[in-house]
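Q: Here you go, one structure.
The values are calculated or read from the model by the stated rules, or taken from the named source; none is laboratory data. Note that this is a predicted model, so its numbers are computed, not measured. When we count neighbours, we look across all protein chains shown, and the Cβ atoms used for this are built from the backbone with ideal geometry, even at glycine. Quick note on the areas: whole protein, heavy atoms, side chains included, nothing else; ligands and nucleic acids left out. Shrake-Rupley method; radii C 1.70, N 1.55, O 1.52, S 1.80 Å.
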There are 2 protein chains.
Amino acid sequence: MEKEIYLDNAATTKALPEVTAAVVDALENNYANPSSLHRFGLKSEKILKNSRKTIADYLGVRSEEIIFTSGGTESNNLAIRGITKAYGNRGRHLITSPIEHSSAAELFKALESEGWQVDSVNVDRGGHVDLEHLINLITEETILVSIMQVNNELGTIQPIKKIAETIKEKNPLSFFHVDGVQAFGKIYSNLSQWPVDLYSISGHKIHGPKGIGALYIKKGTNLKPLVYGGGQERNLRSGTENIPGIAGLGEAVKKLPQLSTAENADQYLAKKRKYLLNSLQKIEEVVINSPAAGAPHIINFSLPGIKGETMLHALENQGIYISTGSACSSSKKGSRIINACGLSQQRSESALRVSFSLCRK
Amino acid sequence: MEKEIYLDNAATTKALPEVTAAVVDALENNYANPSSLHRFGLKSEKILKNSRKTIADYLGVRSEEIIFTSGGTESNNLAIRGITKAYGNRGRHLITSPIEHSSAAELFKALESEGWQVDSVNVDRGGHVDLEHLINLITEETILVSIMQVNNELGTIQPIKKIAETIKEKNPLSFFHVDGVQAFGKIYSNLSQWPVDLYSISGHKIHGPKGIGALYIKKGTNLKPLVYGGGQERNLRSGTENIPGIAGLGEAVKKLPQLSTAENADQYLAKKRKYLLNSLQKIEEVVINSPAAGAPHIINFSLPGIKGETMLHALENQGIYISTGSACSSSKKGSRIINACGLSQQRSESALRVSFSLCRK
């Protein structure tokens with residue numbers, strides 16, 4: 001069989017062997033319900049507690065500020081919808097960007113149709129949020145700003161600290177949610193220092209299992225749940241805890257690089273990115289869509305005149321798997337994100353995304 | 001080490017070896033995102049499609065009537081909340097029973113506080129719904145009736161066919177949701193013949209993985225989603241599909257007994273139940289709380305004067321794991337379900353649940 005090269009890690013990743021082992025152990029040996037009162041249940045509760053602590057420690061926050069969800073999409077929905085349900089009496093104004101993942105974008109559309117006022121902050125051609133515009137948009141009525149840290153198609157990194165400080169300066173009562181799904185474990189973050197109130201992560205983007213994610217909820221942020229029931233996860237996410245998924249996510253986080261300062265961000269991935277960027281730039285027809293200083297694992301480029309999907313299938317015949325953009329919004333009309341950045345329709349329709357793994361094999 | 005006996009299968013079950021194998025295969029080999037356009041993504045899409053068909057075939061419904069969720073709690077929430085969001089303009093009246101699982105009961109409480117009129121149908125001492133009372137409760141304003149098929153604490157089986165027909169006769173526009181979590185694979189159901197509109201199932205109650213469930217949505221029932229995003233699962237449940245969980249659930253369903261007629265319901269479990277019931281009845285102090293003709297896998301009994309939790313811990317010291325009631329609402333005030341059936345507080349506080357596995361080792 002030909003060799004296969006998987007370069008679609010922003011869509012999803014392969015589970016690490018340690019992750020699979022943890023999932024299997026929970027399925028076969030530690031399968032009790034953590035809500036059960038017997039000691040077999042306590043073993044499951046311990047797995048839950050340990051994984052929560054691993055994630056909290058990695059993010060530099062407290063265990064009780066982490067709750068588990070079924071994935072990044074649910075984390076984003078719980079954060080955004082949860083704020084509107086809990087603080088709707090304080091104001092009816094929400095702010096987001098035009099290049100958010102569909103799990104935020106589609107929810108904001110729904111909220112708009114329900115009567116919420118939703119404003120979109122301008123972005124430049126690289127997808128960076130216009131801070132001046134953001135300041136102008138924030139009013140006393142603004143209860144939530146939601147911005148993703150790393151864009152899933154372009155790899156654009158938003159200056160989250162600056163955005164957070166800008167929001168809190170203009171309206172200290174406004175909450176700030178960050179979709180960290182593509183940033184978590186890939187670039188530097190500092191939730192203990194930055195005034196971020198909510199931060200979404202997903203298991204399957206970091207070589208953890210699918211069907212599991214988490215939401216950081218800063219102490220003092222009182223969400224209302226999406227799902228009611230047995231009161232698990234501090235009553236914010238009812239349902240028997242997905243212990244195999246939670247155990248696997250914990251293992252995946254243990255294997256993440258330590259990005260404790262902005263400087264020691266993952267050199268390995270950055271080197272890979274630079275190498276591919278240099279190689280691509282040698283091809284005359286290639287136009288790079290990603291900003292120069294983007295996330296280490298995502299490069300977006302176009303071969304104007306060639307449909308992205310055509311190139312994708314040509315490459316898959318060579319055993320190379322890449323994508324035209326977000327797997328969650330594969331579209332023949334080009335990329336919604338690239339369109340929103342003001343790049344040409346031709347570039348949008350021919351866009352290709354290459355995304356790396358953080359595994360060091 | 002002492003031998004351990006796990007008799008808490010209504011709380012959760014151990015994954016079957018075939019289930020674990022399917023989960024591992026999806027984590028390690030078929031990890032692509034089913035929304036990806038390349039052929040590696042298509043392999044995941046095929047797993048998704050096959051599992052959906054397995055479940056649909058088992059239930060006797062169409063593949064396109066099954067969507068995957070993160071579990072029974074989410075299925076119940078999506079069904080109930082989804083109807084209120086989609087049909088709220090038709091009426092504001094909902095009916096449920098006082099012995100539903102907390103994933104329905106707590107949601108109905110929330111809906112009531114949001115202004116919905118929620119009525120509770122009477123049940124007898126065995127937990128059976130009073131059909132006359134149900135008929136009286138249904139009005140032109142009733143958009144939904146939600147009743148569980150098998151009670152998770154008592155094992156009470158509701159006459160779903162009769163209830164469904166009663167509802168449709170009184171108000172054909174009313175939807176009927178059945179929480180089938182404790183019934184699926186344990187007792188006879190016939191969704192192709194019974195006028196049931198929505199039916200919830202859970203993976204981890206049938207030796208499948210935790211964190212996965214499904215909802216049957218009869219064609220013509222137009223729910224609104226709880227979670228917005230990439231439009232997966234016919235736009236009713238966005239988020240990257242949990243392929244390992246879905247693959248595992250499919251395998252678990254393949255191993256379920258064929259309960260194609262009411263008569264051939266699982267003889268093995270019924271025999272186990274009868275044996276335990278006979279043995280328990282030989283002990284003078286024991287009072288059986290479950291109805292005589294309950295589900296084959298659940299027996300609830302009391303030893304009046306001895307707190308359920310005390311007995312639970314005494315038994316765990318012998319390596320026997322049982323529960324005092326629902327793991328999702330472990331409470332020291334006794335069982336909400338048993339209280340609702342009108343049994344004494346003493347019986348409620350001393351209640352114990354033994355629940356069997358359907359595995360034939």
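Q: Report the GluC sites (Glu not before Pro) located in the stretch A:119-165 that are in a DSSP loop and have at most 15 other Cβ atoms inside 10 Å of their Cβ, or state none.
A: A:E140, A:E141
Q: Still on this structure, please answer the following. Collect residues whose amide H, placed 1.01 Å from N in the peptide plane, falls under 5 Å from the amide H of B:S202; neighbours closer than 5 in sequence don't count.
A: Correct list: B:A214.
Q: What residues does the stretch A:38-72 have that are buried by at least 50 Å² of accessible area in the full protein assembly compared to the chain on its own, 1.4 angstrom probe?
A: A:H38, A:R39
Q: Could you report the stretch B:6-159's accessible area per residue, 1.4 Å probe, as an integer in Å²? Walk me through the intermediate numbers first.
A: Numbers: 5200 Å² over 154 residues.
That works out to 34 Å² per residue.
Q: Right, another one. So which residue of A has the beta-carbon closest to the axis that swings A onto B, and how many whole Å away?
A: Reported as residue, whole Å: A:S70, 2.
Q: Just how many % of Cα pairs in the protein assembly as shown lie over 50 Å apart, if you round to the nearest whole percent?
A: Tail of P(r) above 50 Å: 14 percent of Cα pairs.
Q: Per 5 Å bin, what is the whole-percent P(r) computed from every C-alpha pair distance within the stretch B:288-330?
A: All Cα pairs, binned at 5 Å, distribute as 5, 18, 26, 28, 17, 5, 0 percent.
Q: Convex hull over the alpha-carbon atoms of the stretch B:7-108: what's its volume per residue in Å³?
A: On the way: hull volume 16.6 nm³, N = 102.
Convex hull of Cα atoms, per residue: 163 Å³.
Q: Taking 10 Å² as the minimum loss, tell me which residues in the stretch A:218-239 lose that much accessible area going from the chain by itself to the full protein complex (1.4 Å probe).
A: Listed in order, they are A:L226, A:V227, A:Y228, A:G229, A:G230, A:Q232, A:R237, A:G239.
Q: Here is a follow-up. Between A:K333 and the same site in the other copies, what are the distances in nm, shortest first, taking label points 7 Å from Cα along the C-beta direction?
A: When each copy's label point is compared with this one, the spacings are 5.3 nm.
Q: Let me ask something else. Where does each of B:269-276, B:198-205 land if you order them by average Cβ count within 10 Å, highest first?
A: Result, highest mean first: B:198-205, B:269-276.
Q: Could I ask something else about it? For chains A and B, what's the summed buried accessible area, probe 1.4 Å, to the nearest 100 square angstrom?
A: That pair hides around 5200 Å² of surface in total.
Q: For the stretch B:166-212, what is the accessible area per residue in Å², given a 1.4 Å probe and the full set of protein chains?
A: Normalised by residue count, the accessible surface of the stretch B:166-212 is 24 Å².
Q: Kindly give the semi-axes, whole Å and largest first, of the ellipsoid equivalent to the stretch A:116-195, taking each as the square root of 5 times a Cα gyration tensor eigenvalue. Walk me through the intermediate numbers first.
A: Values: eigenvalues 83, 46, 23 Å².
With the √(5λ) rule applied to the stretch A:116-195, the semi-axes are 20, 15, 11 Å.
Q: Something else now. Got a sec to turn the phi values of the stretch A:75-82 into Karplus ³J(HN,Hα) couplings, 6.51 cos²θ - 1.76 cosθ + 1.60 with θ = phi - 60°, whole Hz, x for Gly and Pro?
A: These are the phi-based 3J(HN,Hα) values: 4, 4, 5, 5, 4, 6, 5, x Hz.
Q: Which of the lysines could be linked to A:K14 by a straight reach, that is with a Cα gap under 17 Å, when you skip same-chain ones fewer than 8 residues away?
A: Within the straight-line cut-off, A:K14 pairs with A:K3, A:K186, A:K205, A:K210, A:K254, A:K255, A:K361, B:K43.
Q: Please report, to two decimal places, log10 I(q)/I(0) for the stretch A:272-356 at q = 0.15, 0.18, 0.20, 0.25 Å⁻¹ as given by the Debye formula with identical point scatterers on the Cα atoms and no solvent.
A: -0.49, -0.73, -0.92, -1.44
Q: Amide H of B:I66 versus every other amide H placed in the peptide plane: which residues, excluding those fewer than 5 positions away on the same chain, fall under 5 Å?
A: Amide H neighbours of B:I66, under 5 Å, 5+ apart: B:I217.
Q: Just to verify a number: FRET efficiency for B:K53 and A:D124, C-beta to C-beta distance, R0 = 45 Å, to 0.05?
A: Once the sixth-power term is evaluated, E becomes 0.45.
Q: For B:F356, what charge total do you get from the other residues with a beta carbon under 9 Å from its beta carbon, if Lys and Arg give +1 and Asp and Glu give -1?
A: +2
Q: Using amide H atoms built in the peptide plane, which far-off residues or other-chain residues are under 5 Å from A:D119 H to H?
A: A:L94, A:I95, A:T96
Q: How large is log10 I(q)/I(0) at q = 0.18 Å⁻¹ when the Debye formula is applied to the Cα atoms of the stretch A:18-254, each weighted equally and without solvent?
A: Normalising to I(0) and taking log10 leaves -1.32.
Q: Accessible area of chain A with a 1.4 Å probe: how many percent of it is carbon plus sulfur?
A: 51
Q: Step through the residues of the stretch B:170-186 one at a time and calculate ³J(HN,Hα) from phi using the Karplus curve (6.51 cos²θ - 1.76 cosθ + 1.60, θ = phi - 60°), rounding each to whole Hz and writing x for Gly and Pro.
A: 3J(HN,Hα) across the stretch B:170-186, in whole Hz: 6, 8, x, 8, 6, 8, 10, 9, 10, 7, x, 3, 8, 9, 4, x, 10.
Q: Dimensions of the stretch B:1-65 along principal axes (Cα, Å, largest first)?
A: Largest first, the stretch B:1-65 extends 52, 32, 16 Å along its Cα principal axes.
Q: Provide the per-residue ³J(HN,Hα) series for the stretch A:188-194, in order, calculated from phi with Karplus coefficients 6.51, -1.76, 1.60 and θ = phi - 60°, each as a whole number of Hz, with x at glycine and proline positions.
A: Using θ = phi - 60°, the values come out as 5, 9, 8, 5, 6, 10, 7 Hz.
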